[in-house]
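Let me begin by presenting the structure, written as structure tokens, before commenting on it.
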Amino acid sequence: MASPLTAKILPLALTIIIIVLSGCASVSERYPLSMATKDGDKEKVNALLRSGVNANETSLNCVTALMRASIDGKTDIVKALVAAGADVNRKTCEPPPSFPGSIYRQMAPEMSPLMMAADQGHEEVVRALLAAGADREATNRQGLTPLMYAAYAGRTSIAQMLLGAGANVHARMKETKETALNLAAQNGHGAMVKLLLAAGSDVNNKDQFGRTSLHSAAMRGNLDILQILLAAGIDVDVRSTDNGGTALFWASAQESPEVLKTLLLAGANVNTKGTQGWTALMRAAQWGGAGNVQTLLDAGAKIREKNDDGSTALALATKRGHSQIVSLLRNAGATE
């Protein structure tokens, strides 16, 4: 139920909006090139450009017609706009309020047409933009490059195109310090991971928390990515800075015995402790992964270790009511 104040203000606000809008030109009149691009009307776009309409016409959020064409994959219109002098390196500004399905929901601040095309998987648009001089190293506000957008979305052929154009495979995001490889690994894009590694990406790059792509694959239980990274020589026992965990430590909280076995076969230390004295066995016991617990016990996990709170794996499993794990630990010799 609306408050008395809202009941008074809302009709007034709506009246003002109607008055303002009634005195304004229609959207098509204000942004003819953008609207023709949105509709995919190539003939109208060409006619407008011939009539002298600015190829860099800008609507909300600093969005140009070229951006609209790039995000929608309208290659012919992209080429027409570029030929008419559209700025291939112009970027968006702050996004305005948007509605479901709005083009603005697909944009971030300081995004270029090349980033949009790479993100959406429009190969021919990417090719046209690169040929027109689009900056392959442009970054948005977070530091994402076109290659990172392609990597995150698993657009392998576009990543190949960008790498062929000289895109920097080592570029890192501003705050998170992730590379294209980190993004591809955490999203499970195996072909992309292989491509980036072949291009020389640092397999041991660490994000802001000291985590590598192996941590990401391990915590998500992605065995395929894990095997690719291990084959590339990634450090199996690197510890994150947030909780001191190795990939084995992170994987132990998810019921994924095959992931644990793969890490252990690669030489992971089964008894490494994270911050506060936690081991992989303790995490597996607390989170109820019986398969993980058995795998760790088979690998020689110490059952009497205590964390900084004085809890053993058995105590943690007992507290959580994981009866199967309690039995496994007791059968292995664990006592209160």
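The values are calculated or read from the model by the stated rules, or taken from the named source; none is laboratory data. As the structure is a prediction and not an experimental result, all values here were calculated from the model. Here the Cβ positions follow ideal geometry from the backbone for every residue, glycine too, while neighbour counts run over all protein chains shown.
With respect to the numbered conditions (1) in contact with a Leu (Cβ under 7 Å, 6 or more places away or on another chain); (2) in contact (Cβ under 8 Å) with a residue 40 or more places away in the chain; (3) surrounded by fewer than 20 Cβ atoms within 10 Å (Cβ to Cβ); (4) not hydroxyl-bearing (Ser, Thr, Tyr), which one is the sole condition not fulfilled by ALA117?
(3)
Checking ALA185 against (1) in contact (Cβ under 8 Å) with a residue 24 or more places away in the chain; (2) surrounded by fewer than 21 Cβ atoms within 10 Å (Cβ to Cβ); (3) of a type in the set (Gly, Ala, Ser), which single condition isn't satisfied?
The single condition ALA185 does not satisfy is (2).
I'd like to check something: does the range 142-150 contain any residue that is at pLDDT below 95, farther than 25 Å from SER240 by Cβ and out of contact with any strand residue (DSSP E or B) (no Cβ under 8 Å at 6 or more places or on another chain)?
No, the range 142-150 has no match at all.
Let's see how each residue does on (1) crowded, with 20+ Cβ neighbours inside 10 Å; (2) of a type in the set (Phe, Trp, Tyr); (3) not in a helix (DSSP H, G or I):
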{"position": "ASP207", "(1), (2), (3)": "yes, no, yes"}
{"position": "ARG211", "(1), (2), (3)": "yes, no, yes"}
{"position": "LEU214", "(1), (2), (3)": "yes, no, no"}
{"position": "ALA218", "(1), (2), (3)": "yes, no, no"}
{"position": "GLY221", "(1), (2), (3)": "no, no, yes"}
{"position": "GLN227", "(1), (2), (3)": "no, no, no"}
{"position": "LEU230", "(1), (2), (3)": "yes, no, no"}
{"position": "VAL236", "(1), (2), (3)": "yes, no, yes"}
{"position": "GLY244", "(1), (2), (3)": "no, no, yes"}
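Restricting the search to the range 318-336, which residues are of a type in the set (Val, Ile, Thr) and in contact with a helix residue (DSSP H, G or I) (Cβ under 7 Å, 6 or more places away or on another chain)?
If the condition is that a residue be of a type in the set (Val, Ile, Thr) and in contact with a helix residue (DSSP H, G or I) (Cβ under 7 Å, 6 or more places away or on another chain), then THR318, ILE325, VAL326 are the ones that fit.
So which residues in the range 263-319 are farther than 22 Å from ARG239 by Cβ, of a type in the set (Val, Ile, Thr) and at pLDDT below 95, if there are any at all?
Result: no residue meets the conditions.
Wholly within the range 251-336, which helices (runs of 4 or more DSSP H) include no fewer than the required count, namely at least 1 residues that are among the basic types (Lys, Arg) and surrounded by 14 or more Cβ atoms within 10 Å (Cβ to Cβ)?
On the way: elements: 257-265, 280-287, 290-298, 313-320, 323-331.
Counting at least 1 such residues, we get 257-265, 280-287, 313-320, 323-331.
Does LYS206 fit the bill of being under 21 Å from LEU147 (Cβ atoms), of a type in the set (Lys, Arg) and at pLDDT 95 or above?
On the way: under 21 Å from LEU147 (Cβ atoms): yes; of a type in the set (Lys, Arg): yes; at pLDDT 95 or above: yes.
In short, yes.
What pairs can you find where one residue is in the range 52-76 and of a type in the set (Asp, Glu), the other is buried (at least 20 other Cβ atoms within 10 Å of the Cβ) and in a helix (DSSP H, G or I), and their Cβ atoms are less than 7 Å apart, with a gap of 6+ or different chains?
GLU57/LEU33; GLU57/SER34; GLU57/ALA65
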